[in-house]
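Undergrad: Could you have a look at this structure, given as structure tokens, before my questions?
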Amino acid sequence: MANIKPFCSVRPNESLAREIAALPYDVYNREEAKQVVEKNPKSFLKIDRAETQFDDDFDMYSEEVYQKAHDTLAEMIDDGEFVKDEKPCFYVYELIMNGRSQTGIVGCASVDDYLNNVIMKHENTREDKELDRIHHVDTCNAQTGPIFLTYRANEKINHIVTDKKQEKALYDFVAEDGVSHRVWRIDAVEEVEKIAELFAAIPHIYIADGHHRAASAVKVGLKRRNENPNYTGREEFNYFLSVLFPDEELMVMDYNRVVKDLNGYTKETFLEELEKDFVICPKGEMPYSPKAKGEMGMFLGKQWYSLTFKGKVSENPVESLDVSILQNKVLEPLLAIEDPKTDKRIKFIGGIRGLKALEEQTKEGVAFSMYPTSMRELFAVSDAGLLMPPKSTWFEPKLRSGLFIHQI
């Protein structure tokens with residue numbers, strides 16, 4: 001059963017929330033992050049990506065960078081730019097993008113639940129990507145980016161959230177990208193206890209986004225346990241910052257693919273090979289987005305096509321994914337993309353960037369527009385203890401970092 005606990009959040013002074021809140025650290029490259037901080041010196045990116053405060057040639061993984069993140073956070077707390085709630089709270093966090101609202105509960109999930117698979121995963125993590133956040137969390141003594149969790153919707157939790165949203169918000173602002181953010185604090189003891197009780201009755205929760213951040217937080221927790229052999233399990237390092245959303249409110253966007261070349265095929269011979277497994281329908285020059293599972297769009301030679309799989313769809317929840325069909329029937333056998341995680345010939349383009357981005361990225365190769373993976377498919381893969389291919393899901397809107405900080 002899920003152990004979700006309240007915490008004493010370090011959070012922005014109400015007047016500074018809009019300036020401080022930042023998109024996740026990993027949506028930017030170094031140059032982009034530095035430009036954000038130069039434009040907005042209060043952006044939380046100066047903590048999440050502290051290399052933005054050093055020269056461009058400075059080693060971004062040096063101890064000085066992580067110490068700078070720690071010191072900057074401490075300075076902002078001392079200056080009153082961040083405040084800390086005096087008693088453990090849950091928070092309600094609503095994001096509105098293009099008129100669509102999704103609302104989650106901010107709390108802390110359990111390291112043990114992660115280790116015991118009460119918290120279910122659907123992606124592998126890479127150690128090299130974990131190390132940066134391990135050092136960041138450990139040096140800052142704080143988790144600064146929430147893990148995006150989801151669960152099968154619960155009517156009683158929904159009711160608590162709906163009631164809380166009738167009250168005056170703690171934060172209410174529209175970010176530069178047009179996404180609205182509203183936050184309410186739940187600090188009444190009976191409400192806090194009720195939320196924890198309701199989550200305790202939920203058998204599984206799922207990582208939607210943030211597998212590397214979750215793995216990093218867990219490894220820091222295990223490190224702290226080793227350093228404190230008499231730990232009780234109640235210490236803050238046994239928990240990690242999360243926002244939990246009911247599945248019915250989430251939208252998964254497409255995660256599309258561009259391959260640099262045709263692996264020696266001509267346009268004509270490539271289409272001939274595709275016809276063995278797909279019904280191909282020309283769609284002209286207008287970008288084509290697939291209309292249903294089992295179909296994908298393709299941009300080839302300045303033309304769009306639809307590809308509909310002719311074979312029998314596997315009952316295996318991973319093999320039945322459209323991204324798996326593309327990998328197993330096209331990318332690997334025809335285009336020699338054996339490991340999409342490491343092959344430099346393939347790019348992944350999040351659906352938020354639109355299909356024109358596929359056309360712009362495609363020169364001598366081919367691009368594929370995908371039908372979004374569903375929440376039902378995500379749950380099925382996780383429940384089976386399996387893993388999705390890389391870049392199978394793209395969630396929008398992105399949770400902001402800096403609105404909630406969990407000190408460990």
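Undergrad: Report, by residue number, each residue of segment 164-173 that is surrounded by 12 or more Cβ atoms within 10 Å (Cβ to Cβ) and either without any contact (Cβ under 8 Å) to a residue 60 or more places away in the chain or not in a strand (DSSP E or B) (or both).
TA: The answer is K164, K165, A169, L170, D172.
Undergrad: Can I ask one more? Of the residues V313, V323, which is of a type in the set (V, I, T) and either surrounded by fewer than 16 Cβ atoms within 10 Å (Cβ to Cβ) or farther than 30 Å from Y28 by Cα (or both)? Show your work before the answer.
TA: Numbers: V323 fails: either surrounded by fewer than 16 Cβ atoms within 10 Å (Cβ to Cβ) or farther than 30 Å from Y28 by Cα (or both).
Result of the check over V313, V323: V313.
Undergrad: Taking the residues in segment 253-282 that are under 24 Å from S392 (Cβ atoms) and polar (S, T, N, Q) as candidates, determine which candidate is surrounded by the fewest Cβ atoms within 10 Å (Cβ to Cβ).
TA: N263
Undergrad: Please verify whether segment 180-198 includes one or more residues that are exposed (fewer than 13 other Cβ atoms within 10 Å of the Cβ) and touching a residue at least 24 places away in the same chain (Cβ under 8 Å).
TA: Scanning segment 180-198, I find no residue that is exposed (fewer than 13 other Cβ atoms within 10 Å of the Cβ) and touching a residue at least 24 places away in the same chain (Cβ under 8 Å), so the answer is no.
Undergrad: Same structure, new question: Assuming F58 fulfils every condition listed in (1) over 22 Å from the mean Cα position of the chain (by Cα); (2) within 30 Å of M253 (Cβ to Cβ) apart from one, which condition is it?
TA: For F58, the failing item is (2).
Undergrad: Out of all the residues in segment 343-362, which are over 18 Å from M286 (Cβ atoms), surrounded by 13 or more Cβ atoms within 10 Å (Cβ to Cβ) and over 20 Å from the mean Cα position of the chain (by Cα)?
TA: Those that are over 18 Å from M286 (Cβ atoms), surrounded by 13 or more Cβ atoms within 10 Å (Cβ to Cβ) and over 20 Å from the mean Cα position of the chain (by Cα): D343, R345, I346.
Undergrad: Somewhere in segment 34-57, is a residue out of contact with any helix residue (DSSP H, G or I) (no Cβ under 7 Å at 6 or more places or on another chain) and in contact (Cβ under 8 Å) with a residue 60 or more places away in the chain?
TA: no
Undergrad: Being out of contact with any Phe, Trp or Tyr (no Cβ under 6 Å at 6 or more places or on another chain), modelled with pLDDT under 95 and farther than 25 Å from T150 by Cβ is true for just one of E396, E364. Which residue is that? Lay out the reasoning, then the answer.
TA: Numbers: E396 fails: farther than 25 Å from T150 by Cβ.
So the residue among E396, E364 that is out of contact with any Phe, Trp or Tyr (no Cβ under 6 Å at 6 or more places or on another chain), modelled with pLDDT under 95 and farther than 25 Å from T150 by Cβ is E364.
Undergrad: So which residues in segment 330-342 are surrounded by 19 or more Cβ atoms within 10 Å (Cβ to Cβ) and either of a type in the set (K, R) or farther than 23 Å from T266 by Cβ (or both), if there are any at all?
TA: P340
Undergrad: Name the residues in segment 199-219 that are assigned to a loop (DSSP other than H, G, I, E, B) and among the β-branched types (V, I, T), would you?
TA: Of everything in segment 199-219, just one residue is assigned to a loop (DSSP other than H, G, I, E, B) and among the β-branched types (V, I, T), namely I202.
Undergrad: Quick check on L222: is it over 15 Å from the mean Cα position of the chain (by Cα), part of a loop (DSSP other than H, G, I, E, B) and in contact (Cβ under 8 Å) with a residue 60 or more places away in the chain?
TA: no
Undergrad: If you don't mind, another one. Checking the condition farther than 30 Å from R400 by Cβ and surrounded by 13 or more Cβ atoms within 10 Å (Cβ to Cβ), which residue from L244, L250, L300, L222 passes?
TA: Step by step, each of L244, L250, L300, L222 is checked, and only L300 is farther than 30 Å from R400 by Cβ and surrounded by 13 or more Cβ atoms within 10 Å (Cβ to Cβ).
Undergrad: Now, a different point. Tally up the residues in segment 51-72 that are hydrophobic (A, V, I, L, M, F, W, C) and touching a Ser or Thr at 6+ places or on another chain (Cβ under 7 Å), please.
TA: Of segment 51-72, the ones hydrophobic (A, V, I, L, M, F, W, C) are 54, 58, 60, 65, 69.
Filter once more, so that each one left must be touching a Ser or Thr at 6+ places or on another chain (Cβ under 7 Å): 69.
Number satisfying all stated conditions: 1.
Undergrad: Does at least one position in segment 9-19 carry a residue that is exposed (fewer than 13 other Cβ atoms within 10 Å of the Cβ) and assigned to a helix (DSSP H, G or I)? Explain how you work it out, then say what you get.
TA: First pass over segment 9-19, keeping only residues exposed (fewer than 13 other Cβ atoms within 10 Å of the Cβ): 15.
Adding the requirement that they be assigned to a helix (DSSP H, G or I) leaves 15.
The answer is yes, given that some residue of segment 9-19 is exposed (fewer than 13 other Cβ atoms within 10 Å of the Cβ) and assigned to a helix (DSSP H, G or I).
The values are calculated or read from the model by the stated rules, or taken from the named source; none is laboratory data. Note that the structure is a prediction, hence the values are computed from the model and not measured. No Cβ is skipped: glycine too gets one built from the backbone with ideal geometry, and neighbour counts run over all protein chains shown.
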